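The values are calculated or read from the model by the stated rules, or taken from the named source; none is laboratory data. None of the values given here were measured: they were computed from a predicted structure. Glycine also receives a Cβ, built like all others from the backbone with ideal geometry; neighbour counts cover every protein chain displayed.
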Amino acid sequence: MSNLKDPGNLPLTSPLYKMYSDRLRTYLLQRYMTPLPLIDQLRARRELKLVKSIQRKLKKYKLILRETDKSSVFHIGYAIDYKQKATKYRQDTGAYEELNVNPFNETIYNVTRALNQLKTMSKIAEHQRMNMIPVREKTQLAYMYFLPKSHKKETPLRPTINTIYAATTKISKFLDQLIRPLFDRFVHQTRIIDGVDLLKKLKHYIQNGHLKSTTYFVTFDITNLYTMLPQEESLKILGEFLQEHHCDRVNEISIDTIIELGRIVLQANVFVYGNKFYQQIIGGAMGSAFTLTLANIFMWKWEKQTLLSKLPAHEIYGRYIDDVFFTSNDSEENIKKILEEANQFHLNIKLEYHIGRNLPLLLINLHNKNGQILSSVYHKSAAEPASSIFSI
């Protein structure tokens, strides 16, 4: 048994090798070579036939089959509609600039040079530089795709940029890991984690005697929040957030350096869509970890300036990313006035709001029935499990 110290050199003639080889062969034969039962064979053939039929019809009628936004339901739409909506989205937001050449090489060079300069100036450590620097062989140009929001009128599209292998992905993750815990710690009062968290806040609200038969529920979402974030203003607010909470250095990195790293992520957001190259000049990539954190911090200041100062302290106010909920015992007219003022506060931040005593949020339907809250699971019609018979 001299080979125990180096099991990788186990001789092929060893009885132990033969025993494990036989066991492995038996397992693989049983697992992968045993014939399927007849019922499973028939099912596999039916499903293969169905898939091929769908593929033929998608190609014949120039359709796109895509998973819907915020659900696991599939949506079928005409390719021309997707193209027109995507073009309109780019024109309406003005967030993307078409490039004449493939930006891959230049982006790799610029990101690498910026990180090297930060290291040379002792703003980041060598191990941090190595953890963030892009490796050319493992880096790919990001690409954009659109998900249909079938639960909304006229089925608008939500842009998503796949940045998994982008040049700035490591920087984005680094910043998110650096800043998100601080945001979670300092802004937990106005965050809604999920539907259960919302119900807990409502329970506390009721126990303190604030719920009346006249209490309104208000919900709104921010239109295209990630796309419309003003880049430099958002980075400035990030600095204000860190200063206000006395975080002059985070893990030995200064506020100025954090902002510089954030600027690299935002300005190097280049991608391909429809055989064309683009750079995002407003906002950040939806799909980038840093974009979500930056959006949260931007909204932290926006909330303070527009709504929190106008709502009584005992009212509930909470935000889940770009969905907001608050309670109010004011008149509907005054609530609308507050919301319209908020709608005009910033050119890039626009709201779609609803006021009532029976409203859904985070898959929960809330009903204020004469001063008692009734809650139930809210089912979006577009998100219901369903099967379709294709008859195109």
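For the reader, a short list of remarks on this structure follows.
- Considering the conditions (1) part of a helix (DSSP H, G or I); (2) closer than 28 Å to ILE237 by Cβ; (3) without any contact (Cβ under 8 Å) to a residue 24 or more places away in the chain, SER122 is excluded by exactly one of them, (1).
- Hey, ILE193 modelled with pLDDT of 95 or more and out of contact with any Gly (no Cβ under 6 Å at 6 or more places or on another chain) or not: no
- Annotation: TYR226 fulfils all but one of (1) within 30 Å of LYS337 (Cβ to Cβ); (2) outside any helix (DSSP H, G or I); (3) of a type in the set (Ser, Thr, Tyr); the unmet one is (2).
- Any hit, the range 325-342, residues being among the polar types (S, T, N, Q), assigned by TED's automatic domain parsing to the domain that holds LEU199, outside any loop (DSSP other than H, G, I, E, B) and farther than 23 Å from ILE193 by Cβ: yes
- Within the range 270-306, being under 28 Å from ALA342 (Cβ atoms) and of a type in the set (S, T, N, Q) holds for GLN280, SER288, THR291, THR293, ASN296, GLN305, THR306.
- The set of residues in the range 82-131 being within 24 Å of LYS170 (Cβ to Cβ), touching a Lys or Arg at 6+ places or on another chain (Cβ under 7 Å) and of a type in the set (D, E, K, R) consists of LYS119, GLU126, ARG129.
- Any chance MET299 is touching a Pro at 6+ places or on another chain (Cβ under 9 Å) and closer than 30 Å to ALA86 by Cβ: no
Every residue, every condition in (1) of a type in the set (D, E, K, R); (2) crowded, with 19+ Cβ neighbours inside 10 Å; (3) in a helix (DSSP H, G or I); (4) more than 21 Å from the chain's Cα centre (by Cα), yes or no:
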| site | (1), (2), (3), (4) |
| --- | --- |
| TYR165 | no, no, no, no |
| LYS173 | yes, no, yes, no |
| VAL196 | no, no, yes, no |
| THR214 | no, no, no, yes |
| PHE241 | no, yes, yes, yes |
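- When residues in the range 277-324 are screened for being touching an Asp or Glu at 6+ places or on another chain (Cβ under 6 Å) and either of a type outside the set (Val, Ile, Thr) or surrounded by fewer than 20 Cβ atoms within 10 Å (Cβ to Cβ) (or both), 7 of them pass.
- Residues in the range 286-307 include none that are farther than 28 Å from PHE220 by Cβ, touching a residue at least 60 places away in the same chain (Cβ under 8 Å) and not hydroxyl-bearing (Ser, Thr, Tyr).
- From ARG66, ARG90, residue being of a type in the set (Lys, Arg), assigned to a helix (DSSP H, G or I), surrounded by 13 or more Cβ atoms within 10 Å (Cβ to Cβ) and within 26 Å of the chain's Cα centre (by Cα): ARG90
- When each of VAL111, VAL101 is tested for being touching a helix residue (DSSP H, G or I) at 6+ places or on another chain (Cβ under 8 Å) and among the aliphatic types (A, V, I, L, M), the lone residue that passes is VAL111.
- Restricted to the range 144-157, and to residues there that are in contact with a helix residue (DSSP H, G or I) (Cβ under 9 Å, 6 or more places away or on another chain) and in a strand (DSSP E or B), the residue that is surrounded by the most Cβ atoms within 10 Å (Cβ to Cβ) is PRO148.
- Meets criteria (part of a helix (DSSP H, G or I), out of contact with any Ser or Thr (no Cβ under 9 Å at 6 or more places or on another chain) and modelled with pLDDT of 80 or more) for LEU48: yes
- SER72 being of a type in the set (Ser, Thr, Tyr), at pLDDT below 80 and either exposed (fewer than 10 other Cβ atoms within 10 Å of the Cβ) or not assigned by TED's automatic domain parsing to the domain that holds LEU362 (or both): yes
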